[in-house]
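The values are calculated or read from the model by the stated rules, or taken from the named source; none is laboratory data. Owing to the predicted nature of the structure, the values given are computational and were not obtained by experimental measurement. Backbone-built Cβ (ideal geometry, glycine too); neighbour counts: all protein chains shown.
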Amino acid sequence: MFSPAQQAAIDRLWKRKLDQDGKKLAQEERHRNLEPASALVLCAMAAGVGAKRLLEIGGSSGLSTIALAEAARRSGGRLSSIEIEPRRQEEARRTLQELGLSDRVNFLLGDATLILPQVGERDFVLIDCEKDDYARFLDLLKLSPGAIVAADNILSHDLKEYVAHVRAKPGVESLTLPVGKGLEISRFTKGQ
């Protein structure tokens with residue numbers, strides 16, 4: 001599904017993430033990227049449903065951004081990518097430029113708490129940020145009917161509280177996919 005250049009960029013970012021983890025660098029020094037298998041699933045899902053208004057909360061250095069920008073390219077949509085750390089976002093900008101996908105991405109630098117209230121309605125969202133923020137950020141989203149929200153790290157971080165929170169919302173169909181570190185895929189039949 002990814003072009004050879006896109007796959008090479010994903011492989012490079014993933015290898016560096018594993019190297020950083022192996023060196024046990026401080027969390028603020030590590031790039032936190034979505035696992036490649038999860039990126040592939042999300043790209044296929046977003047493109048498959050024809051998502052046109054995509055959003056990621058926590059773009060880091062761009063692995064998930066590549067996947068969602070490719071989905072946006074396929075659907076004729078656009079991705080908004082929120083990242084709080086400027087150096088990581090700058091790397092993502094360069095990578096997406098090199099891949100010819102930067103015209104599909106609106107990079108938003110800052111705290112998602114301040115940015116989300118200003119972001120319009122979305123039909124596909126990836127939440128991959130500080131785990132304590134998942135439920136709060138979910139509640140700040142404006143979602144179209146049928147929108148899909150994917151949350152990463154559900155199994156690796158045992159995010160039972162987030163799963164219970166999203167599944168308690170009216171009109172939500174949700175399941176955990178054991179892909180990568182675990183994705184909670186939630187479809188909002190009535191929007192939010």
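Remarks
- Residues of the stretch 150-177 that are more than 17 Å from GLY191 (Cα to Cα), surrounded by 14 or more Cβ atoms within 10 Å (Cβ to Cβ) and among the charged types (D, E, K, R): ASP152 alone.
- For the stretch 130-141, a tally of residues being closer than 14 Å to GLY59 by Cβ and modelled with pLDDT of 95 or more returns 1.
- Which listed residue, of SER102, SER80, SER75, SER61, is closer than 21 Å to LYS181 by Cα and among the small types (Gly, Ala, Ser): SER61
- Residues in the stretch 18-31 that are closer than 20 Å to LEU183 by Cα and either surrounded by fewer than 20 Cβ atoms within 10 Å (Cβ to Cβ) or over 19 Å from the mean Cα position of the chain (by Cα) (or both): 1 in all.
- Residue satisfying all of: in the stretch 106-139; part of a loop (DSSP other than H, G, I, E, B) and not charged (D, E, K, R); surrounded by the most Cβ atoms within 10 Å (Cβ to Cβ) among these: CYS129
- Criterion (closer than 24 Å to PRO36 by Cβ and buried (at least 22 other Cβ atoms within 10 Å of the Cβ)) met by exactly one of ALA147, ALA92: ALA92
- Selected residue (criterion: surrounded by the most Cβ atoms within 10 Å (Cβ to Cβ)) from residues of the stretch 1-17 that are closer than 22 Å to GLU130 by Cα and hydrophobic (A, V, I, L, M, F, W, C): LEU13
- Test: residue in the stretch 43-65 that is charged (D, E, K, R), farther than 18 Å from ALA9 by Cα and either crowded, with 23+ Cβ neighbours inside 10 Å or touching a helix residue (DSSP H, G or I) at 6+ places or on another chain (Cβ under 6 Å) (or both): yes
- Exactly one residue out of ASP128, ASP123, ASP152, ASP111 is over 22 Å from ARG30 (Cβ atoms) and of a type outside the set (S, T, N, Q), and it is ASP123.
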